[in-house]
Amino acid sequence: MIYFIIEKIKDALQEDPFVTTVTEGDIFDVDLNKKTLFPLSHIIVNNAQHQGNVWEFSISILCMDVVDEGQLTDNKLDIWNTQFLVANRLLDRLNRGDLAYDNFQLVANPTLEPFTERFENSLAGWSVDFSIQVRNDMTICNDVIKTFHKTFDKTFDKTFK
């Protein structure tokens, strides 16, 4: 299930014209000093809550680019603009686009927070925090049937052997 969620979000981000690289997991495992990676979107799954027939996943995405400080004015506002568009398109797809049709349901209101100089090098962008619900495909019937067969096999072995 988590693999499906990450892959779908990753695919959506990779289709965006303002994204070069999409990564996931621990942000400190990504070599942020490689300028060729940017603009970069990074997916972090914060936690999951079981809610009966659905799972709710809390997800953060960092949409970022390198600030070019070599000019008279830096490009921080451009980065904030383009990376906000990346986040907005993804949230739109989750809310009412193709990702909504993949049984992802955006829960509550996402939060976007701009940042600058958050990491070693001069990066700017947006931190996007949201929760999605997905259907829980696990059924108790499968477990009951397996348990029944194990119990029956043990009883059968004791009785007839």
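The values are calculated or read from the model by the stated rules, or taken from the named source; none is laboratory data. This structure is a prediction, so every number in the text was calculated from the model and none was measured. FYI the Cβ positions are ideal-geometry reconstructions off the backbone, even for glycines, and counts take in every protein chain you see.
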Next on the checklist: Let me confirm something: among Thr23, Thr36, which residue is of a type outside the set (A, V, I, L, M, F, W, C) and crowded, with 16+ Cβ neighbours inside 10 Å?
Outcome noted: Thr23
Checklist outcome for this item: Selection over the range 129-147 where residues are at pLDDT 95 or above and farther than 22 Å from Asn95 by Cα yields a count of 0
Next on the checklist: What's the number of the only condition in (1) touching a residue at least 24 places away in the same chain (Cβ under 8 Å); (2) part of a loop (DSSP other than H, G, I, E, B) that Ile79 fails to meet?
Outcome noted: (2)
Checklist entry - Which of the residues that make up the range 114-128 are farther than 11 Å from Cys63 by Cα and either modelled with pLDDT of 95 or more or outside any strand (DSSP E or B) (or both)? => result Glu117, Arg118, Phe119, Glu120, Asn121, Ser122
Checklist entry - Restricting attention to the range 93-113, which residues are in contact with a helix residue (DSSP H, G or I) (Cβ under 9 Å, 6 or more places away or on another chain) and either surrounded by 14 or more Cβ atoms within 10 Å (Cβ to Cβ) or closer than 20 Å to Ser58 by Cβ (or both)? => result Arg93, Leu94, Gly97, Leu99, Ala100, Asp102, Phe104, Gln105, Leu106, Pro110, Leu112
Item to check | Residue identified as in a loop (DSSP other than H, G, I, E, B) and among the charged types (D, E, K, R) among Asp31, Asp65, Asp92 | outcome: Asp31
Checklist entry - Restricting to the range 24-75, what's the tally of residues that are closer than 17 Å to Gly125 by Cα, polar (S, T, N, Q) and within 18 Å of the chain's Cα centre (by Cα)? => result 2
Checklist entry - Just one of the numbered conditions (1) surrounded by fewer than 17 Cβ atoms within 10 Å (Cβ to Cβ); (2) closer than 20 Å to Lys8 by Cβ; (3) in contact (Cβ under 8 Å) with a residue 12 or more places away in the chain is not true of Asn47; which one? => result (3)
Next on the checklist: modelled with pLDDT of 95 or more, surrounded by fewer than 19 Cβ atoms within 10 Å (Cβ to Cβ) and within 17 Å of Val134 (Cβ to Cβ): is that true of Glu15 in this structure?
Outcome noted: no
